[in-house]
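The values are calculated or read from the model by the stated rules, or taken from the named source; none is laboratory data. These figures come from a predicted structure and were not determined experimentally. Glycine also receives a Cβ, built like all others from the backbone with ideal geometry; neighbour counts cover every protein chain displayed. With ligands, DNA and RNA removed, areas are computed over all heavy atoms of the protein, side chains included. Shrake-Rupley method; radii C 1.70, N 1.55, O 1.52, S 1.80 Å.
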Amino acid sequence: MDFTITLGLGGWAILIVGSLIFGGVAQFIGETRTGFEWLVDAIAAGVGALVASEFIVAWQAMGPVVDGLALVPALVGGLVVGLAVEIATRYLTHGSYTHGAMPA
């Protein structure tokens, strides 16, 4: 079994931009308690997308591949891992998904 990352420059660009967009959107939903929650979420989404695209070989046949990045597995992996980390981060930092006063 060969563990190599075969992404080209375009694949890396799509992966990084998509991760940053996920992190930015997650930061603006509800109220965060830290200013850098987006960074943790973006890194988690990027790692999830990279692992799903590169290391789960059976998923590489699903959908289009752009410069070595399998888009459908990367999207699914990024969303699953990113959302899991986002929910855990928001819960651990005592943030909320609503704006306004929280009940006591």
Which one of the conditions (1) free of Cβ contacts under 8 Å to residues at least 12 places away in the same chain; (2) buried (at least 17 other Cβ atoms within 10 Å of the Cβ) does P64 fail to meet, given that it meets all the rest?
(2)
Against the condition under 16 Å from A13 (Cα atoms), open to solvent by less than 60 Å² (accessible area, probe 1.4 Å) and in a helix (DSSP H, G or I), how does A52 come out, does it pass?
no
Pairs, first closer than 15 Å to T34 by Cα and in a helix (DSSP H, G or I) in the stretch 81-102, second modelled with pLDDT under 90 and open to solvent by 100 Å² or more (accessible area, probe 1.4 Å), C-beta under 9 Å, six or more apart
R90/R33; R90/Y97
Residue list for the stretch 1-30, restricted to those being open to solvent by 80 Å² or more (accessible area, probe 1.4 Å) and not β-branched (V, I, T):
M1, D2, F3, L9, W12, L20, F28
Criterion: open to solvent by 10 Å² or more (accessible area, probe 1.4 Å), at pLDDT below 90 and of a type in the set (D, E, K, R) - qualifying residue of R33, R90
R33
Please go through the stretch 67-87 and pick out each residue that is crowded, with 16+ Cβ neighbours inside 10 Å, of a type in the set (G, A, S) and within 12 Å of the chain's Cα centre (by Cα).
A74, G77, G78, G82
Enumeration of residues in the stretch 32-59 that are farther than 13 Å from T89 by Cβ, in contact (Cβ under 8 Å) with a residue 24 or more places away in the chain and more than 9 Å from the chain's Cα centre (by Cα):
L50, V51, A52, S53, E54, F55
Would you say G35 is assigned to a helix (DSSP H, G or I) and of a type outside the set (A, V, I, L, M, F, W, C)?
no
